[in-house]
């Protein structure tokens, strides 16, 4: 594989298309919104968390399957589906329009990769591990610890089978505690509602299971009893974190 050319994109005011409305899109959209991109979501269905962003007027939702014309005027497209045939259709349309394409289903077929990212103040560090998300995450986490001036976390094996409740703070991911951020990044399963800082979800490894229990006003929401059942069910097999924004 040829050497990657790292680049920081300034997407403010530019059209970015996200194809897919599931867990992957839920994790990718917040960082695009934080960059002030004009995000257009194309999917027949979307998660409650994404529905909340649509209702808040933060992104446009085209409620149908992808069509090549959706990429007209786009600067970047993120394919957040696991259907290789559908993903290849998006790739072909992107190549025809010379639009960089990130694919969640096949990194080798993508023309751009999303790195593991950490931010401290004005400093943004992006790590690409040569196609290995785990390596990227490990290096990113170590750099984050150094930037935060914190000690290395305890052996993660000691956290196996534990459940931690992590407050997301007032919404800015930079304001979550260092320990809270490390716990979330070390989790195997993250249970999050719409109040959780979206950028934290974008930092998670692809192997992390994100369970959306979005609590939309007058909309779909998981009962606390059901959330408790999820924590009990997932806890014994790994590290579970529930992240919610403080009020």
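Readers should treat all values here as calculations from the given coordinates under stated rules, not as data from a laboratory. This one's a predicted model, so the numbers in the text were calculated from it and none came from an experiment. All Cβ positions, even for glycine, are placed from backbone atoms using ideal geometry, and neighbour counts span all protein chains on display.
For the peptides 176-186, 3-13, 81-91, residues were scored by their other Cβ atoms within 10 Å and the scores averaged per peptide; the highest-first order is 176-186, 81-91, 3-13. Here the simple spin-label model places points 7 Å from the Cα toward Cβ, and for residue 36 and residue 224 these points are separated by 4.0 nm. Computed across region 15-109, the Kirkwood radius stands at 13.0 Å (inverse of mean 1/r, all Cα pairs).
Here the spin labels are modelled as points 7 Å beyond Cα on the Cα-Cβ line, and at residue 135 and residue 233 they lie 3.6 nm apart.
The modelled label-to-label distance for the pair residue 97/residue 178, using points 7 Å beyond Cα in the direction of Cβ, is 4.4 nm.
Were the residues from residue 209 through residue 126 laid out at 0.36 nm apart, the gain over their Cα-Cα distance would be 27.7 nm.
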